[in-house]
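J.: Encoded as structure tokens, here's the structure I'll be asking about.
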Protein chains: 2
Amino acid sequence: MDVAFVLYERMTALDIVGPYEMLASHPEINAHFVGARRGLVRTDAGLELNAASTFDELPRPDVIVVPGSGYWRAVLEENDALVDWLTAAHPNATWTTSVCTGSTLLAKAGILVGRPATTHWLARELLEELGAVVSTDRVVIDGDVMTAAGVSAGLDMGLTLTSRLFDDARAMLIQLFTEYDPQPPFAAGSVEKAPPEIVEFARQVAADR
Amino acid sequence: MDVAFVLYERMTALDIVGPYEMLASHPEINAHFVGARRGLVRTDAGLELNAASTFDELPRPDVIVVPGSGYWRAVLEENDALVDWLTAAHPNATWTTSVCTGSTLLAKAGILVGRPATTHWLARELLEELGAVVSTDRVVIDGDVMTAAGVSAGLDMGLTLTSRLFDDARAMLIQLFTEYDPQPPFAAGSVEKAPPEIVEFARQVAADR
């Protein structure tokens with residue numbers, strides 16, 4: 001089973017590493033790190049990941065995972081090769097998935113027209129403009145498409161995807177290996193739960209960027 | 001503020017990317033990705049990360065983050081340069097931290113003698129053999145040392161560390177940006193919660209490796 005973990009400049013590292021950590025260690029899975037060209041991709045907070053293969057080299061992956069970016073409006077204009085590859089590869093894939101604003105790239109590739117999907121809470125309007133039916137759920141499944149909310153939601157999606165690709169036991173095994181028994185020290189992980197002044201702070205930081 | 005994100009061959013990617021995503025985007029932080037030598041480091045499920053600088057180039061970081069590995073016994077023998085650097089750098093650091101079996105590397109560097117610390121649940125005996133007082137807590141703080149349990153515990157540690165380096169508001173801001181409102185689809189993230197047959201399955205997989 002070939003899994004394409006998509007990489008592009010200014011993507012968010014955790015968006016791909018969350019699902020990767022849940023998926024890539026299963027012996028049946030061949031993990032591919034694919035970009036428009038081979039070589040280093042600089043993520044939005046500085047860590048560099050290596051694209052070991054190109055989109056052209058992997059035309060028919062079984063599973064596609066597309067990360068988002070802290071610069072979601074800009075990257076939507078910068079990644080035509082990725083969008084074209086998604087349009088062509090999606091019909092042959094068992095699962096096409098995204099984390100965070102990766103769903104806006106799926107939408108641009110024509111994959112989400114009239115379909116329920118989720119994204120980072122700051123990008124909901126954009127995803128709607130691009131034709132999707134926006135959900136605020138953390139993980140949304142619609143046929144062969146699975147989308148996750150912002151950044152860390154990729155861990156939850158990775159477990160859900162593992163249970164669909166294999167079974168629940170395999171998902172629980174990797175949950176135990178990754179000791180995913182979350183205990184965040186604060187309860188500020190969603191717009192609904194965070195204090196209003198923190199939500200406003202976040203909107204300002206995003207607008208300044 | 002210089003933060004050293006330590007990279008080494010066969011480390012676990014999420015161990016470093018969890019804390020990185022919580023820490024590296026704050027404007028006060030200079031994120032450094034340091035290894036024994038510059039260049040690609042292959043993590044334990046195949047993703048390659050780039051070490052942009054060497055231990056020699058960063059002798060006095062303010063914060064040190066050390067990841068673990070799925071091959072924790074082997075990597076403990078393979079990383080003398082890292083261990084020597086840790087021994088020298090720790091006394092000058094504001095915080096020395098680890099995720100997963102990274103704590104066994106801190107222990108080997110002499111940092112955890114008689115001190116409370118945590119690690120991946122499969123490595124608790126090893127950490128005890130190395131002289132630490134093993135805790136089963138998810139995040140353990142002892143003076144200037146902060147250790148986290150397995151893999152995904154680095155997200156919780158990253159938030160706790162952010163609140164200590166800045167304040168609670170900053171930690172909540174990054175929690176909201178990373179939408180860290182976890183909803184794992186199963187409750188198998190600890191030895192206490194996972195079904196016994198899954199724990200046994202995990203022990204066998206680890207023993208085979």
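J.: Which of the following residues is touching a Phe, Trp or Tyr at 6+ places or on another chain (Cβ under 9 Å) and free of Cβ contacts under 8 Å to residues at least 60 places away in the same chain: B:Ala123, B:Ala117, B:Ala107?
T.: Answer to the check: B:Ala123.
J.: While we're here: Consider the stretch B:143-156. How many of its residues are facing another protein chain (nearest Cβ under 7 Å), touching a Gly at 6+ places or on another chain (Cβ under 7 Å) and aliphatic (A, V, I, L, M)?
T.: Applying the first criterion (facing another protein chain (nearest Cβ under 7 Å)) to the stretch B:143-156 yields B:149-153, B:155-156.
With the extra rule that they be touching a Gly at 6+ places or on another chain (Cβ under 7 Å), the set shrinks to B:152, B:155.
Still in the running and aliphatic (A, V, I, L, M): B:155.
The total comes to 1.
J.: Another question, then. Return a yes/no flag: does the stretch A:42-51 have any residue that is surrounded by fewer than 17 Cβ atoms within 10 Å (Cβ to Cβ), polar (S, T, N, Q), within 12 Å of another protein chain (Cβ to nearest Cβ) and assigned to a strand (DSSP E or B).
T.: No.
J.: Would you confirm, using the coordinates I've provided, whether B:Ala88 is out of contact with any strand residue (DSSP E or B) (no Cβ under 8 Å at 6 or more places or on another chain) and in a helix (DSSP H, G or I)?
T.: yes
J.: For B:Ala89, are the conditions met, namely being touching a Phe, Trp or Tyr at 6+ places or on another chain (Cβ under 9 Å), free of Cβ contacts under 8 Å to residues at least 60 places away in the same chain and not acidic (Asp, Glu)?
T.: Answer is no for this residue.
J.: If I ask for residues that are surrounded by fewer than 20 Cβ atoms within 10 Å (Cβ to Cβ), more than 20 Å from B:Ala148 (Cβ to Cβ), among the hydrophobic types (A, V, I, L, M, F, W, C) and free of Cβ contacts under 8 Å to residues at least 60 places away in the same chain, which ones from the stretch A:147-198 would you list?
T.: Once the filter is applied, which keeps residues that are surrounded by fewer than 20 Cβ atoms within 10 Å (Cβ to Cβ), more than 20 Å from B:Ala148 (Cβ to Cβ), among the hydrophobic types (A, V, I, L, M, F, W, C) and free of Cβ contacts under 8 Å to residues at least 60 places away in the same chain, the stretch A:147-198 yields only A:Ala169.
J.: Of everything in the stretch A:157-192, what is under 20 Å from the mean Cα position of the chain (by Cα), closer than 19 Å to B:Thr178 by Cβ and more than 7 Å from every other protein chain (Cβ to nearest Cβ)? Give them in sequence order.
T.: A:Met157, A:Gly158, A:Val191
J.: Only residues that are under 20 Å from B:Ile64 (Cα atoms) and either of a type in the set (A, V, I, L, M) or surrounded by fewer than 21 Cβ atoms within 10 Å (Cβ to Cβ) (or both): list them for the stretch B:131-146, please.
T.: The answer is B:Ala132, B:Val139, B:Val140, B:Ile141, B:Asp142, B:Gly143, B:Asp144, B:Val145, B:Met146.
J.: Also, quick follow-up: Report, by residue number, each residue of the stretch A:1-41 that is more than 9 Å from every other protein chain (Cβ to nearest Cβ) and hydroxyl-bearing (Ser, Thr, Tyr).
T.: Once the filter is applied, which keeps residues that are more than 9 Å from every other protein chain (Cβ to nearest Cβ) and hydroxyl-bearing (Ser, Thr, Tyr), the stretch A:1-41 yields only A:Tyr8.
J.: How many of the residues making up the stretch B:14-31 are more than 19 Å from B:Met146 (Cα to Cα) and either crowded, with 22+ Cβ neighbours inside 10 Å or polar (S, T, N, Q) (or both)?
T.: Step one: list which residues in the stretch B:14-31 are more than 19 Å from B:Met146 (Cα to Cα), which gives B:25-28, B:30.
Among the residues that remain, those that are also either crowded, with 22+ Cβ neighbours inside 10 Å or polar (S, T, N, Q) (or both) are: B:25, B:30.
Of the residues in the stretch B:14-31, 2 are more than 19 Å from B:Met146 (Cα to Cα) and either crowded, with 22+ Cβ neighbours inside 10 Å or polar (S, T, N, Q) (or both).
Each value in this text was obtained by applying a stated rule to the coordinates, not by laboratory testing. Since the structure is predicted, the reported quantities are computational estimates derived from the model, not experimental observations. All Cβ positions, even for glycine, are placed from backbone atoms using ideal geometry, and neighbour counts span all protein chains on display.
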